Amino acid sequence: MITPTIKNLSTQGSSRRVFMQGLLSASGLLLAARVPGMSALPLGDMSEGDFASALADFRPNVFLSIDNAGKVTIVAHRSEMGTGIRTSLPMVVAEELGADWESVRLEQALGDAKYGSQNTDGSRSIRRFYSVMRDAGASARAMLEQAAAARWGVEASECDCRDSKVLHPDSERAIGFGELVEEAGKLAVPASDSLRYRAAAERRYVGQETKIYDLEGILDGSAVFGMDVRIPGTKHAAVARCPVVGGKVKSVDSKAAMAIRGVEKVVQIPVYKGHYAFQPLGGVAVIANNTWTAIQAVNALKIEWDLGPNADYDSAAYGKALVAATHEPGQVFRDVGDIEPAFEAASKELSADYEAPHLAHAPMEPPCALALFKDGAVEAWAPTQNPQSTQEVLTQVLGLAADKVKVNVTLLGGGFGRKSKSDFVAEAALLSKELGAPVHVTWTREDDIRHDFYHTVTAVHMKAAMDEEGKPTALLTRASFPPINSTFDPSADAPSSFEIGMGLSDQPWAIPNIRVEGCKAAARTRIGWLRSVSHIPHAFAVNSFVDELAWAAKTDPYEFLMALLGEDRMLDLSGVEYSNHSEPMSRYPFDLKRLKAVTKIAAERSGWGRELPKGKGLGIACHRSFLSYQATVVEVDVSQRGVVRLPKVWSVIDCGLAVNPDRVRSQMEGAAAFGASLTLGGAVTMQNGAVQQSNFHDYPIARMDEAPREVDVHIVPSEDLPGGVGEVGVPPFAPAMCNAIYAATGKRVRKLPLSGQDLRWE
């Protein structure tokens, strides 16, 4: 029986200063850092003054405590799903503090607004919290050094913290952190501008290969994932949901289900109120004494469904409509120069349509959660990427005040954005309230694939005007896709600037005339963000089209790509509504020098330009996403029967300062496998409103013989501001792979995935 204990370290008397006054409690020195509430930060470019004003609204979040025995505890407020964030952010604190990393203890934060944003999405944990964690550690170090200096009668500047001790090198004296917490706790927290940070040469953890904190627990099975959580009296539930979004139960016959040994009750979950957002879809739940029995009983239910207004959704017909929409004018998001005269004067035109399907998240651990409703309050344990959103959803569906909802965060067996939507946690909470007992809800793989928040289906039309030498003089891009906001607003049918800004309105090409448009598309299912979001279909279209332009110009694709990137410069997006992943352009400009550099390195490492036999080829693509720069070269080996194999991939990333290179490397390797899966067979299709796929046999994940055999990862050394990592490696993979297929076979891929397409060659 696993009973996880997740402690909550709280503060007293918060002020609006960047750091709170250190205070002495029973546990010793307790410090709190101030961090940004993400919702308070405006989108788009901001001046430095505006950015400083936004930071003034930061709220208390991450806590560092040192007890009287010298034990250092760091609270991790982000969710761990394999990225290593539960390790990397505390590493920054330990680095600046001078703690002995091997003896540091981590505690997972509860879902609570006082932590600022806990939404572990958007590849922003390091870039948003690196400086905050650094300040937390540096402030505590300064206070400990000051306390030790006072005891020794020396200057604080002569002291330093290492291995959880304060050292005075000149006299070779040392004193443990625990012996100083009383004195340090009485000191004022130093001003941020007075802090001394570790120079790069002094760092022992940041920038070094560091194993994840949870490694041993994962290997020996003691780590607690959402699937593992149990408390005394736990009941187990599985749920039948309408196969069509928006449908509801007409009638249910539960006799056969109730006849199964171990089944205790059949409960109907009401359909969502208003628009679905993150509410449960509704359906029929079976409560049993174990998960397997609950699943078998759900399969024995005889349910008649009212399929609702989306029962006519056919994804094949819908896809054709999206393509047709991109051949008509749409809303203009970027307009540089004057494309009409440029097309009229063109020596040649080239156009192409690119399509990408709905995608499912399919994390290895499907959605699951445990909830206990008792005495007018609920406590949940869940593998959630966003515990605060989960808390909000539970208050909504249960009609409770926020202080009556407690959300514990377990380890996540993958997420990719699915587990930031908390419908599955709400199901457990509703059932616990109904039964008066703790309930663990487990989704099957079929549930996971058939009732997801799907990555949006997308069509992109691209057309270029070219001069006599094959150089593009004008570029028109039109995209059509149901927007993410349709999940929250049923009237939303137009792409947002945020989505168009993921690879379309920020195309970096040195082309004098550029227009980018978005076309309307009404959603027919739940749309959600998936790893890399709209960067996936947009990078596929843009980088594929550049490759087509290169071949049309009879120019080497790499040389054409570098020429199209133009001179080293900051991309001018003045006049464009551009979110820049919620960061000011003054802090994170779009730097073409960095994008060109990763592209050049990828080409060099792959041996670009070497001759390959028919059936083998190299493809290249580059892309900026989540404020980092990525280039990918894929080598393909296509048999004459059209079977595609991936001997090697070269992945180059410039993410600014890489806090934990081991995790950066692993995420680039994972992105290659993820990208291969999406490119080879990732597609969710709808017929009569229902998802046609159900498990990995028809929504395949790349097997060992299909995944890249070798992934060569190069991390560009940098001291620039940290950018994103987790999603950055995915967008350029599909176009690089498809470009390689063209080089190998002469077969151009404009529609994802590859499954079902004829890639045979002679």
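Where a number appears in this text, it was derived from the coordinates with a stated rule and is not lab data. It should be emphasised that the depicted structure is a prediction, and the values quoted were computed from it without experimental measurement. Every residue, glycine as well, gets a Cβ built from its backbone with ideal geometry; the counts of neighbours run over all protein chains shown.
With a cut-off of 16 Å on the backbone N, the residues of the range 471-490 near the modelled label site 7 Å out from ALA563 along Cα-Cβ are 471-474. Between GLY501, THR525, ALA465, the Cα set farthest toward the positive side of the dipole of the range 452-552 (charges on each charged residue's Cβ, about the Cα centre) is that of THR525. Projecting the Cα atoms of ALA352, ILE511, SER117 onto the charge dipole of the chain (Cβ charges, centred on the Cα centre) puts SER117 farthest toward the positive pole.
The ASP758 and GLU611 beta-carbon pair, evaluated with R₀ = 35 Å, returns a calculated FRET efficiency of approximately 0.85.
Residues whose amide H comes within less than 5 Å of that of SER625, counting only those at least five positions distant or on another chain, are GLN630 (H built at 1.01 Å from N in the peptide plane). Net charge in the neighbourhood of PHE626 (other residues with Cβ under 9 Å of its Cβ; Lys, Arg +1, Asp, Glu -1) is +2. Placing a pseudo-label 7 Å from each Cα along the Cα-to-Cβ vector at ALA201 and GLU304 gives an inter-label distance of 8.1 nm.
Please give the calculated 222 nm ellipticity per residue for the chain, where each DSSP H segment of at least 4 residues contributes -39500 (n - 2.57) and the sum is spread over every residue; nearest 500 deg cm²/dmol?
-8000 deg cm²/dmol
Selection among VAL189, ILE126, SER222 by position relative to the dipole of the range 86-224 gives ILE126 as farthest towards the positive end (Cβ unit charges, Cα centre).
Annotation: amide H of ALA99 within the under-5 Å range of SER164, sequence separation 5 or more or interchain, hydrogens built in the peptide plane. Phi-derived couplings, Karplus 6.51 cos²θ - 1.76 cosθ + 1.60 at θ = phi - 60°, listed residue by residue for the range 438-443: x, 10, 9, 9, 10, 8 Hz, with x used for Gly and Pro. Charge dipole of the chain (Cα centre as origin; +1 on each Lys and Arg Cβ, -1 on each Asp and Glu Cβ, all else neutral): 1680 debye, rounded to the nearest 20. In this label model, ARG709 and GLN208 are separated by 3.7 nm, measuring between points 7 Å along each Cα→Cβ vector. Remark: the GLU158-HIS697 segment gains 187.6 nm on full extension, using 0.36 nm per residue and subtracting the alpha carbon distance.
Neighbours of VAL239, meaning other residues whose beta-carbon lies under 11 angstrom from its beta-carbon, give a summed charge of -2 when Lys and Arg score +1 and Asp and Glu score -1.
Using a Cα-Cα cut-off of under 17 Å, which aspartates and glutamates could be cross-linked to LYS255, ignoring same-chain neighbours fewer than 8 residues away? Partners found: GLU264, GLU304. Peptides 714-720, 90-96, 293-299, 374-380, ordered by how many other C-beta atoms sit within 10 Å of their residues on average, highest first, read 90-96, 293-299, 374-380, 714-720.
Label-to-label distance, ALA401 versus LYS265, with points set 7 angstrom from Cα along the beta-carbon direction: 2.7 nm. Straight-line cross-link partners of LYS596 among the lysines, defined as a Cα under 19 Å from its Cα and at least 8 positions apart when in the same chain: LYS471. Remark on GLN693: its backbone amide H falls under 5 Å from those of THR685, a criterion applied only to residues 5 or more positions apart or on other chains, H modelled at 1.01 Å from N.
Legend: distances between Cα atoms for LYS554/LYS593; LYS211/LYS614; LYS520/LYS593; LYS235/LYS419; LYS404/LYS520; LYS265/LYS404; pairs beyond 31 Å are LYS211/LYS614; LYS520/LYS593; LYS404/LYS520.
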